[in-house]
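Asks: First the structure, then my questions, so here it is.
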Amino acid sequence: AKTSYRKFYFDSRASFDLRAVAFPVVLFMGALCLSGCHFYFDTFTLGNTRSSADKAEAQAAVGNYDKAISLYRSHVEHRLASPYRSKDENPYFYYLLISDLYLKKEDVKNASEALERALTEDVHRKLTTERLRRLGSWHEQRGEFDEAFAVLQKHRSLDPMMFDLEIDRIHKEMIRQEEYKDRNRPKVVRFPPK
């Protein structure tokens, strides 16, 4: 008796119709384009090639803040010069990350300048105000209450309600610390002369 092996193995006579697969793929890609999903070649990397932003993140993770800041700055310049940059992309966003790195280095002056640059270049307001509040908290943690108030008062117009809450919180903390110092200050008892 002759055994048929076709039930166990791939039938070599079956044909593969490329059109049956290509049509759904083309349809899917067309739907992505119509929905506003874009793919830019310069954001795609091959192999071990990494963008300056990726390298900056890696440098920041190991504590090389100066190198990370330099890489972030070069990434901003590269994205500004890119012909493939979307009109919605704002590379100045990286100035927020630069300000975070300056704060880690305890370089408040440059952190403030980076935040000011982000503000002047229209980086999303909520992100910028959050970083400004962090800057105020940074001063507060070091007992620099006047500097914290100055930062928050200067930028109060960005989000009056949130900044007023932060100013009030810092003011209460300042009063609490002063009361604590007063309670724990040694008392000098003077007796009247006899």
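The values are calculated or read from the model by the stated rules, or taken from the named source; none is laboratory data. Only a predicted model underlies this, so the values are computations on that prediction, with no experimental measurement involved. Ideal geometry is used to build each Cβ from the backbone, glycine not excepted, and the neighbour counts take in all protein chains shown. Surface areas here come from the heavy atoms of the whole protein model, side chains and all, with no ligands, DNA or RNA. Shrake-Rupley method; radii C 1.70, N 1.55, O 1.52, S 1.80 Å.
Asks: Between MET162 and TYR84, take the C-beta separation as r, use R0 = 35 Å, and let me know the FRET efficiency to the nearest 0.05.
Replies: Working: r = 36 Å, r/R0 = 1.03.
Calculated value: 0.45.
Asks: Given a Förster radius of 22 Å and the C-beta distance between GLU106 and LYS172 as r, what FRET efficiency does 1/(1 + (r/R0)^6) yield to the nearest 0.05?
Replies: 0.30
Asks: Rolling a 1.4 angstrom probe over the protein heavy atoms, how many square angstrom per residue are accessible across the range 68-136? List each step's numbers first, then the result.
Replies: Values: 3670 Å² over 69 residues.
Result: 53 Å² per residue.
Asks: If I compute solvent accessible area with a 1.4 Å probe over the protein chains, what percent of it on the range 61-147 is carbon and sulfur?
Replies: About 46 percent, which is the carbon plus sulfur part of the accessible surface.
Asks: How high is the FRET efficiency between HIS124 and ASP146 when r is their beta carbon distance and R₀ equals 22 Å, given to the nearest 0.05?
Replies: Given R0 = 22 Å and the Cβ-Cβ separation, E is 0.15.
Asks: How much accessible surface area, in Å² rounded to 10, belongs to the heavy atoms of PHE23 with a 1.4 Å probe?
Replies: 140
Asks: Along each of the three principal axes of the Cα atoms of the range 89-184, give the extent in whole Å, ordering the values from largest to smallest.
Replies: Each principal axis gives a Cα extent; for the range 89-184 these are 54, 30, 14 Å.
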